[in-house]
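Every number here is computed from the coordinates shown, using simple stated rules; none is lab data. Bear in mind the structure is a predicted one, so any value in this text is a computation, not a measurement. Here the Cβ is made from the backbone with ideal geometry for all residues, glycine too, and neighbour counts use every protein chain on show.
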Amino acid sequence: MSKQIAIPFGILDFYDTYVTFLVSCERITKEIAKEILNHTDEYFEGNPYVFISNRVFSSRVDPAAYSVVDSSKLIGIAIVSESEQTVLEARREEPLYDGQFQVFRNLEKAKVWAEEIMTSSDDHPHDSSGQ
């Protein structure tokens, strides 16, 4: 880990090509998403990255939160949870995002997936059309 930032909604742990977010609030709104993305955009300085949402605690995401995500920068989202209910909710979020999206039961598998996406992204640069 390169850097950690605690914000009122959770903890961001930054790595070279991805960030993990330990969610500690009950609901992620569009405004909260903007604040989180301000931190990630500043850290990654316009470079592509993967966002891993570690939902240890039950947390809902307002669909409008996805409207502020730029999939040309944030090229993949992983949701991590052991809760079946949270996994089902995460699957409903998938159509709201244009980039690569995956749900995992453990954080380490999500990190491996993030590294794989970034490696394939280096081989095939991501374009704004999502192809």
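Annotation: the residues Arg55, Arg60, sorted from fewest to most other C-beta atoms within 10 Å of their own C-beta, follow the order Arg60, Arg55. What whole-number distance in Å separates the alpha-carbon centres of segment 26-40 and segment 83-111? That distance is 17 Å.
The ranking of Met1, Met118 by Cβ neighbour count inside 10 Å, starting from the fewest, reads Met1, Met118.
Annotation: amide H-H contacts under 5 Å for Val61 (H modelled 1.01 Å from N, sequence separation of 5 or more, or interchain): Ile28. Of the three principal axes defined by the Cα atoms of the chain, the extents in descending order read 36, 28, 27 Å.
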